[in-house]
Structures are given as structure tokens and as C-alpha cells.
1. Determine the shape class of region 188-273: with a ≥ b ≥ c the square roots of the Cα gyration tensor eigenvalues, call it rounded for a/c under 1.5, and otherwise prolate if a/b is greater than b/c, oblate otherwise.
2. Please figure out what share of the DSSP beta bridges in region 12-257 is antiparallel and state it in percent, rounded to the nearest 5.
3. For GLU196 and LEU242 in the same chain, what is the full-extension length gain: residue separation times 0.36 nm, less their Cα-Cα distance, in nm?
4. Treating only the Cβ of Lys, Arg, Asp and Glu as charged (+1, +1, -1, -1), what charge dipole size does the chain show about its Cα centre? Round to the nearest 20 debye.
5. With the chain treated as a Gaussian network of Cα nodes joined by springs under 10 Å, which of LEU31, LEU235, LEU178 yields the largest mean-square fluctuation?
6. Considering every pair of different Cα atoms, what Kirkwood radius, in Å, is found for the chain?
7. Highest mean first, what order results for 261-268, 225-232 on Cβ atoms within 10 Å?
8. List the residues of region 146-169 whose backbone N lies under 20 Å from a point placed 7 Å from the Cα of ARG205 along the Cα-to-Cβ direction.
Amino acid sequence: SGRTGPAAPPPRAMTIAGSDSGGGAGIQADLKTFNALRVFGTSAITALTAQNTEGVRDVHLVPPEMVAAQIDAVLDDIGTDAAKTGMLGTTAIVEAVAERIRYWRDRLGPFPLVVDPVMIAKSGAPLLDEPARDAVRRLLLPLATVLTPNRHEAEELSGIPVRSLDDARRAARALHALGARWAVVKGGHVAEDAAEAVDVVYDGREWHLLRAPRIVTRSTHGTGCTFSAAITAYLARGYPVLRALQEAKAYITEAIRRAPAIGRGHGPTCSFY
Ligand code: PLP
């Protein structure tokens, strides 16, 4: 008697991203966030980084065929209700990921995809090489249900300098025109003296704002990863996109507020409350 059958299947989310050995960003942040939001997490690892809160010491890229093999192994058996991409490293990996996403959306149905166009770590380490930016623009933006660039990434992808909320609106519209269904230009690095961190969202019809108090702290390592993972988790749970964005904004704000004192550098956000 205490034994029962298997529980009902939980929502599933997959992350396609790089490993952060320090546990604050990348695959580790994504899986912790999926777990905290009660979604079953799976992963396809694109790169290993030797990393801690002080920075990236080394990077080892995974061969594109092995990235594709991980995606295939997961989706062939477990499936997914949503997926996200993070660090992709090179053009060849971007191409492999875009190709597998298109293939599996044809077979499984068009699951939502969150594209976090990770380019450079806070510590300055490149996480996407220069030529691969064009591959992200051409191949991945058209597949994105939600695109979550920071200020720098929005500028690189749209060609529009972002110094104000109005610039962010223009960039979001340009990124939508490049194929992202929902473009979210994050405000963490825009108007840094303002009391609020305001993200600008464009869905092809209108602009929305995601507002939260700006929390002044050094513990922001993995903020972008955690935010995009939270969006992915809420989409996996079936929330409409705008509501998923609003819930994820509240989640990341609280995760920054509760950041634990870990390491000597930029500590991680907290994804376990
Ligand atoms: N390392 C990996 C593997 C990542 O995917 C990311 C994501 O942005 C980072 C590092 C960046 O971390 P940070 O928040 O310190 O810029």
C-alpha cells in the first residue's frame, strides 16, 4: 500500500546552452530554475566552461554533431513543452541547433522556443564568436517565440544603438521584423541610474513594459540565463506569453534580491526560493 503508480507527467523544458562549472549561469542556472518552477528539465550542452564567480578561465566547445545528438536523444523519447537556447559558441553549433529545432517542431508540433542570444560574459569572455552573430540573426531569430537580448545584444542584432527606452522600443520592433515573435529588450543595462529596470516588449502589434525596482548588487551572475529559463518554464506550464514574461520578471527580481553570498566575484542570483 504506500506505493502508488507514477505521478502525472510534469511539464517539460529543454535548455540548449553552455555549462558553467560555478553553478551560477548557463545549463546549471537553467536546470535549477526549471526545478524551482516545478518543470522537468532536460539539456543539450554546447560547451564546457571552466568558470567561477570571478570569470571564465577556459572554454571547450562540443562538436555540433554531439549537440544535435543530445537534442535528438531527448526529444525522440521525452519530448518537450518548451525549449530555450543560451550560449552557442560558433556558427556550426547555431546551424545544427536551428536545423534540429525545425526538424523536431515538424515532428512534435511547434513548441515555444526562447532564444537568449548570449554573446559575452559579464567578465568579458566571448561566448559566441563574431561570425556566429550573423547566423543567430539569420537562422535563430526566425524560430524564436521569445527573444531576450540585453542592451548590447539588441544593438549587435538590430544595428540600433540603445541608450533610452525609446531606442529600446525601436530595437524591439527591428528584432520582431527579423523574425522574433516576441522581442524583449532587457533594461538592466539601459538607464542604469534609473530606479526601475524596465524591459521593453514588442509583439508585432504593440509595446508592453515589464517594470521592477532596480536592485543594486554585485550578485548578477547568471541573471539573463535565469530570466530566460523562467520564461521557458512558464511557457512549458502553458502560460500565455505576456503572462510568462511578467511572472519571469517577478521571479528574476526576487532571485536577484535574495542572491546568496557565494564566491569572491559576481555572485549568482538565487534560484532556489
Ligand atoms: N557562462 C555560460 C555558460 C553562460 O551561458 C552564460 C550566460 O549568459 C554566462 C556564462 C554569462 O554569465 P554572466 O551572467 O556572468 O554574464
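Just so it is clear, none of the values below were taken in a lab; they were calculated from the coordinates. As the structure is a prediction and not an experimental result, all values here were calculated from the model. Every residue, glycine among them, receives a Cβ derived from its backbone with ideal geometry; neighbour counts consider all protein chains shown.
1. oblate
2. Looking only at bridges with both residues in region 12-257, the antiparallel portion is about 45 percent.
3. So the extension gain works out to 14.6 nm.
4. It comes to approximately 760 debye.
5. Between LEU31, LEU235, LEU178, it is LEU178 that shows the largest mean-square fluctuation.
6. Every distinct Cα pair counted, the radius reaches 18.4 Å.
7. 225-232, 261-268
8. Of the residues in region 146-169, 146-147, 169 have backbone N under 20 Å from the label point off ARG205.
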